[in-house]
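The values are calculated or read from the model by the stated rules, or taken from the named source; none is laboratory data. On a predicted model such as this, the values are computed, not experimentally measured, just so you know. Glycine gets a Cβ as well: all are built from the backbone with ideal geometry, and neighbour counts include every protein chain shown.
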Amino acid sequence: MKPSNFIKAVMFAAVAAAGVAKADANLIQNGDFETTAFGAFSGYQIAGAGTSKIANWTIGGVSVDVINGSYGAISGNSIDMLGTPGPGSLSQGVATIAGHDYTVSFDLSANGVGGDSKALTVTVGTAPAFNFVGDMNHHVTETFNYHATTTGTTLLTFTSAASGYSGAVIDNVSVTAAVPEPETYAMLLAGLGMVGFIARRKRSA
């Protein structure tokens with residue numbers, strides 16, 4: 001292969017790899033909570049700790065509520081973390097690689113019924129907990145990054161930080177591999193270009 005074609009091929013591969021990185025799939029299964037044991041319903045259903053009523057998620061604490069169409073639901077099924085009687089937690093393991101960065105994202109609102117606390121904590125692996133408070137008037141998308149320290153399964157856990165019957169509401173949970181900044185790709189391409197330049201000079205000599 002001629003050096004010029006070599007450079008083009010390597011640059012094309014780098015750009016293609018960048019496109020794949022941007023399209024990384026969600027590592028969380030059933031992050032929208034649409035797969036449950038309840039089928040179609042309106043209102044709320046109780047999912048007790050230790051049951052498998054929410055597919056792919058481990059329910060802890062006492063219970064959480066699967067809500068739909070009311071009680072602060074965001075889209076389709078959402079989860080009121082305070083539960084009935086609650087409080088509860090949800091956790092799921094995700095595959096991570098040590099040294100890699102991951103982006104955790106979820107929608108957050110709150111059940112407007114009652115004056116209970118809307119506090120929520122989120123933990124990933126052994127990293128310090130993130131604390132959030134749901135707003136019953138509108139939902140927001142919360143995002144933070146996690147730097148993996150181990151290769152294997154890392155546990156993502158949402159835990160209600162209060163007691164009562166109406167609390168923080170979550171939906172659309174995702175964990176994706178963090179995409180490098182554009183400057184990273186620019187440096188990569190510059191380095192590949194230098195390799196190609198050296199290869200061309202050696203061939204000419």
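Would you check if SER105 is in the same structural domain as HIS139 (by TED's automatic domain parsing), at pLDDT 95 or above and not basic (Lys, Arg)? Can you show your working first?
On the way: in the same structural domain as HIS139 (by TED's automatic domain parsing): yes; at pLDDT 95 or above: yes; not basic (Lys, Arg): yes.
Yes: the conditions hold for SER105.
Has the range 177-196 got any residue that is modelled with pLDDT of 80 or more, assigned to a strand (DSSP E or B) and within 23 Å of ALA49 (Cβ to Cβ)?
So in the range 177-196, the residues modelled with pLDDT of 80 or more come out as 177-178.
Adding the requirement that they be assigned to a strand (DSSP E or B) leaves 177.
The next check asks that each one be within 23 Å of ALA49 (Cβ to Cβ); those that pass are none.
Checked against the condition, which is being modelled with pLDDT of 80 or more, assigned to a strand (DSSP E or B) and within 23 Å of ALA49 (Cβ to Cβ), the range 177-196 yields no hits at all.
If you go through the range 121-139, how many residues are within 16 Å of THR154 (Cα to Cα), more than 14 Å from the chain's Cα centre (by Cα) and not β-branched (Val, Ile, Thr)?
Counting residues in the range 121-139 that are within 16 Å of THR154 (Cα to Cα), more than 14 Å from the chain's Cα centre (by Cα) and not β-branched (Val, Ile, Thr) gives 3.
Can you find a residue in the range 101-108 that is in contact (Cβ under 8 Å) with a residue 24 or more places away in the chain and assigned to a loop (DSSP other than H, G, I, E, B)?
Pass one, the range 101-108, residues in contact (Cβ under 8 Å) with a residue 24 or more places away in the chain: 101-108.
Checking which are assigned to a loop (DSSP other than H, G, I, E, B) leaves us with none.
Scanning the range 101-108 turns up no residue that is in contact (Cβ under 8 Å) with a residue 24 or more places away in the chain and assigned to a loop (DSSP other than H, G, I, E, B).
Can you find, within the range 133-159, the residue that is nearest to SER78 (Cα to Cα) among those that are modelled with pLDDT under 95 and of a type in the set (A, V, I, L, M, F, W, C)?
MET136
Scan the range 76-96 and give yes if some residue there is over 21 Å from THR36 (Cβ atoms) and either of a type in the set (Gly, Ala, Ser) or not assigned by TED's automatic domain parsing to the domain that holds GLY167 (or both), otherwise no. Outline the logic, then answer.
Taking the range 76-96 as the starting set, the residues that turn out to be over 21 Å from THR36 (Cβ atoms) are 95-96.
Checking the rest, the ones that are also either of a type in the set (Gly, Ala, Ser) or not assigned by TED's automatic domain parsing to the domain that holds GLY167 (or both) come to 95.
Yes, because at least one residue in the range 76-96 is over 21 Å from THR36 (Cβ atoms) and either of a type in the set (Gly, Ala, Ser) or not assigned by TED's automatic domain parsing to the domain that holds GLY167 (or both).
Go over the candidates ILE74, ILE67, ILE59 one by one and state the one that is free of Cβ contacts under 8 Å to residues at least 40 places away in the same chain and surrounded by 15 or more Cβ atoms within 10 Å (Cβ to Cβ).
ILE59
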